[in-house]
Amino acid sequence: MHTVLIIDDSDINLTLIKALVLKLGECSPVLFDNPLKALEWCRENVPDLVIVDYMMPEMDGLRFISAFRALHGRNEIPVLMITANDQKDIRYDALLGGANDFLTKPIDRIEFSARARNMLSLRTGQKFLADRAKHLEKLVDERTSDIREREKELIFRMSRAAEFRDPETGAHIQRMAHYSQIIARGLDLSPAMGKLILEAAPMHDVGKIGIPDYILLKPGKLTPEEFDVMKGHAKLGYELLKDSGSEILRAGAEVALSHHEKFDGSGYPQGLKGSQIPLFGRIVAVADVFDALTSERPYKRAWSLDDACRFLEEGRGKHFDPMCVEAFLAGWEDVLEVRQRFRDEEIPQI
Amino acid sequence: MAGPFVLDRVSILDRLGGDEEIYSMMVDMFLDDVDANSVALANAFASGKALEVQREAHTIKGLLATFSDDDGAAEAQDVEKKAKAGELDRLDDAVGNLQRRLHEVANALRAG
């Protein structure tokens with residue numbers, strides 16, 4: 001059903017045009033003898049076709065069209081203007097002012113029907129295109145969301161692949177990723193950045209894939225030479241992930257390379273200091289160490305929460321960025337909730 | 001001065017797509033409003049407000065054209081143009097003629 005707005009100060013014309021509109025079929029006419037009231041109606045309603053007389057006392061047709069076009073979303077609605085035969089100049093002005101076509105008085109039914117139908121076809125086409133665009137947008141959103149979900153799953157599984165060769169667990173990946181997000185929030189990073197670190201942090205140790213088992217799984221203390229090899233996992237992870245088209249993987253590369261740097265410059269692999277260390281690396285350093293300390297492993301007991309917190313505080317400005325430690329401790333309630341949600345014995349959620 | 005009005009029902013109906021229902025509705029509305037339209041024109045002229053005369057003449061032009069009264073519509077257009085130019089002093093006879101024309105058309109439609 002098309003809504004056809006008719007504006008004419010003459011009752012006889014309103015009645016005639018209404019009758020002609022009804023003859024078109026599938027049209028619902030809305031009548032106004034006052035253009036100002038019609039304009040008010042247009043603020044709340046969107047007609048499919050406007051038929052407006054030129055000469056009206058309160059506001060002529062040209063001014064009406066101009067005001068109508070200025071309303072949001074009314075720029076493409078077809079407008080037919082009714083003029084007398086001798087008003088050629090007005091027709092030119094109306095064309096420039098936004099009218100799509102004209103009807104001359106006295107109104108001829110055949111001419112009226114043809115022009116009105118053309119305008120309504122135009123409107124139908126506009127609506128079809130708008131609906132199609134909306135449909136396509138929705139489809140793209142759905143597909144993009146699917147792809148992002150798969151990307152997240154692949155990242156998680158890739159991170160797990162590295163961890164499988166290590167005593168760490170899937171729950172560790174989840175906890176340290178969520179701790180990283182808590183720190184990002186405490187540092188007032190945007191929600192988008194918080195989400196990015198949540199998705200990138202699990203890749204911090206992906207480079208362990210390239211470390212030989214005799215070193216990675218060695219029960220005792222590593223020799224200095226073995227430790228040098230072990231330290232190579234940061235660079236390996238970076239090499240694996242760098243230059244990706246995915247923002248998450250690029251962030252993962254940064255985290256992999258920098259999460260063993262220390263704030264005082266004594267870390268590896270580059271010995272960066274303070275703000276030279278990428279922020280994501282400084283954040284993940286706190287999150288990863290805290291979770292490693294508070295988790296039980298075959299070779300060690302879990303530290304108490306108090307001891308682990310003390311370790312973080314003592315490491316301010318040495319191992320850790322003080323701001324990141326502060327942000328982590330400020331989000332303590334959330335930290336406890338994450339610990340509760342992702343326990344080692346439970347199957348981790350993807 | 002326009003010639004006598006002759007009702008050309010065929011031509012009017014042709015323009016309305018042969019729709020008798022719309023034709024009857026238009027005739028009824030014209031007859032209902034003709035006195036008011038005539039008085040509105042006279043009052044506008046008496047008030048000396050050129051813009052109002054122009055508008056009333058414009059309305060009458062449309063009404064007469066609807067009933068294929070080309071001569072009457074031309075008279076109304078002349079009044080409209082002169083009013084637009086502010087020449088009300090030259091319209092005394094024309095306004096009277098237009099009022100008479102409206103009633104002449106009304107009578108023909110009643111008889112029609």
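Yes or no: residue A:244 of a type in the set (S, T, N, Q), out of contact with any Ser or Thr (no Cβ under 6 Å at 6 or more places or on another chain), surrounded by fewer than 19 Cβ atoms within 10 Å (Cβ to Cβ) and closer than 21 Å to residue A:153 by Cβ? Outline the logic, then answer.
Values: of a type in the set (S, T, N, Q): yes; out of contact with any Ser or Thr (no Cβ under 6 Å at 6 or more places or on another chain): yes; surrounded by fewer than 19 Cβ atoms within 10 Å (Cβ to Cβ): yes; closer than 21 Å to residue A:153 by Cβ: yes.
So residue A:244 passes the test.
For the condition touching a Lys or Arg at 6+ places or on another chain (Cβ under 8 Å) and either under 30 Å from residue A:173 (Cβ atoms) or part of a helix (DSSP H, G or I) (or both), what is the one hit in A:68, A:102, A:128, A:112?
The unique qualifying residue is A:68.
Can you name every residue in the range A:102-125 that is more than 14 Å from every other protein chain (Cβ to nearest Cβ) and at pLDDT below 90?
A:102
Which members of the range A:251-283 meet the condition of being surrounded by fewer than 16 Cβ atoms within 10 Å (Cβ to Cβ) and not in a loop (DSSP other than H, G, I, E, B)?
If the condition is that a residue be surrounded by fewer than 16 Cβ atoms within 10 Å (Cβ to Cβ) and not in a loop (DSSP other than H, G, I, E, B), then A:274, A:275, A:276 are the ones that fit.
Please go through the range B:53-73 and pick out each residue that is touching a residue at least 24 places away in the same chain (Cβ under 8 Å) and either at the interface with chain A (Cβ under 10 Å from one of its Cβ atoms) or buried (at least 18 other Cβ atoms within 10 Å of the Cβ) (or both).
Residues satisfying the conditions are B:53, B:54, B:57, B:60, B:63, B:64, B:66, B:67, B:68, B:69, B:72.
Would you mind telling me which numbered condition in (1) more than 10 Å from chain A (Cβ to nearest Cβ); (2) surrounded by fewer than 24 Cβ atoms within 10 Å (Cβ to Cβ); (3) farther than 15 Å from residue B:38 by Cα; (4) not aromatic (Phe, Trp, Tyr) residue B:81 fails?
Going through (1) more than 10 Å from chain A (Cβ to nearest Cβ); (2) surrounded by fewer than 24 Cβ atoms within 10 Å (Cβ to Cβ); (3) farther than 15 Å from residue B:38 by Cα; (4) not aromatic (Phe, Trp, Tyr) one by one, residue B:81 breaks only (1).
Can you tell me which of A:125, A:98 is on the phi > 0 side of the Ramachandran plot and not hydroxyl-bearing (Ser, Thr, Tyr)? Reasoning before the result, please.
Details: A:125 fails: on the phi > 0 side of the Ramachandran plot.
None of the other options fit; the residue is A:98.
Looking at the range B:1-16, which of the residues that are crowded, with 16+ Cβ neighbours inside 10 Å and in a loop (DSSP other than H, G, I, E, B) is nearest to the other protein chains (Cβ to nearest Cβ)?
It comes out as B:16.
For residue B:20, are the conditions met, namely being more than 8 Å from chain A (Cβ to nearest Cβ), buried (at least 17 other Cβ atoms within 10 Å of the Cβ) and acidic (Asp, Glu)?
Details: more than 8 Å from chain A (Cβ to nearest Cβ): yes; buried (at least 17 other Cβ atoms within 10 Å of the Cβ): no; acidic (Asp, Glu): yes.
Considered against the rule, which asks whether it is more than 8 Å from chain A (Cβ to nearest Cβ), buried (at least 17 other Cβ atoms within 10 Å of the Cβ) and acidic (Asp, Glu), residue B:20 comes out as no.
Give just the number: which of (1) surrounded by fewer than 21 Cβ atoms within 10 Å (Cβ to Cβ); (2) more than 9 Å from chain A (Cβ to nearest Cβ) does residue B:33 not satisfy?
It fails just one condition, (2).
If you check B:45, B:30, which single one turns out to be closer than 16 Å to residue A:106 by Cα, part of a helix (DSSP H, G or I) and aromatic (Phe, Trp, Tyr)? Working first, answer last.
Values: B:45 fails: closer than 16 Å to residue A:106 by Cα.
Exactly one residue qualifies, and that residue is B:30.
Are any residues in the range A:40-67 in contact with a helix residue (DSSP H, G or I) (Cβ under 8 Å, 6 or more places away or on another chain), closer than 11 Å to residue A:5 by Cβ and crowded, with 23+ Cβ neighbours inside 10 Å, and if so, which ones?
Answer for the range A:40-67, where residues must be in contact with a helix residue (DSSP H, G or I) (Cβ under 8 Å, 6 or more places away or on another chain), closer than 11 Å to residue A:5 by Cβ and crowded, with 23+ Cβ neighbours inside 10 Å: A:49, A:50, A:51, A:52, A:64.
Please go through the range A:77-118 and give me each residue that is touching a helix residue (DSSP H, G or I) at 6+ places or on another chain (Cβ under 6 Å) and of a type in the set (Phe, Trp, Tyr), ordered by number.
Hits for the range A:77-118 are A:102, A:112.
In the list B:75, B:56, which residue meets the criterion of being more than 17 Å from residue B:4 (Cα to Cα), among the acidic types (Asp, Glu) and assigned to a helix (DSSP H, G or I)?
Of B:75, B:56, the one residue that is more than 17 Å from residue B:4 (Cα to Cα), among the acidic types (Asp, Glu) and assigned to a helix (DSSP H, G or I) is B:56.
What number of residues within the range A:73-101 are crowded, with 18+ Cβ neighbours inside 10 Å, within 14 Å of chain B (Cβ to nearest Cβ) and not aliphatic (A, V, I, L, M)?
Matching residues across the range A:73-101 total 2.
Go through the range A:11-54 residue by residue and tally those that are in contact with a Gly (Cβ under 9 Å, 6 or more places away or on another chain) and either of a type in the set (A, V, I, L, M) or closer than 18 Å to residue A:98 by Cβ (or both).
Residues flagged as in contact with a Gly (Cβ under 9 Å, 6 or more places away or on another chain) and either of a type in the set (A, V, I, L, M) or closer than 18 Å to residue A:98 by Cβ (or both) within the range A:11-54 amount to 7.
Out of A:334, A:307, A:344, A:291, report the one residue that is over 31 Å from the mean Cα position of the chain (by Cα) and either assigned to a helix (DSSP H, G or I) or of a type in the set (A, V, I, L, M, F, W, C) (or both).
A:307
Please indicate, with yes or no, whether at least one residue in the range B:94-102 is closer than 30 Å to residue A:24 by Cα, out of contact with any Asp or Glu (no Cβ under 7 Å at 6 or more places or on another chain) and in a helix (DSSP H, G or I). Break it down into steps so the answer makes sense when it comes.
From the range B:94-102, those closer than 30 Å to residue A:24 by Cα are none; that's our starting set.
Scanning the range B:94-102 turns up no residue that is closer than 30 Å to residue A:24 by Cα, out of contact with any Asp or Glu (no Cβ under 7 Å at 6 or more places or on another chain) and in a helix (DSSP H, G or I).
With respect to the numbered conditions (1) in a helix (DSSP H, G or I); (2) within 19 Å of residue B:5 (Cα to Cα); (3) within 13 Å of chain A (Cβ to nearest Cβ), which one is the sole condition not fulfilled by residue B:38?
(3)
Would you mention how many residues in the range A:7-56 are in a helix (DSSP H, G or I), more than 14 Å from chain B (Cβ to nearest Cβ) and either under 17 Å from residue A:120 (Cβ atoms) or aliphatic (A, V, I, L, M) (or both)?
If we filter the range A:7-56 for residues that are in a helix (DSSP H, G or I), which is where we start, we get A:11-24, A:35-44.
Those still in the list that are more than 14 Å from chain B (Cβ to nearest Cβ) too: A:36-44.
Restricting the remaining residues to those that are either under 17 Å from residue A:120 (Cβ atoms) or aliphatic (A, V, I, L, M) (or both) gives A:36, A:38-39.
Residues meeting the conditions: 3.
Being among the acidic types (Asp, Glu) and at pLDDT below 90 narrows it down to one residue among B:78, B:89, B:71; which is it?
Sole residue among the options that is among the acidic types (Asp, Glu) and at pLDDT below 90: B:89.
The values are calculated or read from the model by the stated rules, or taken from the named source; none is laboratory data. Worth saying up front: this structure is predicted, and the values here are computed from it rather than measured. Cβ atoms come from the backbone with ideal geometry, glycine included; neighbour counts cover every protein chain shown.
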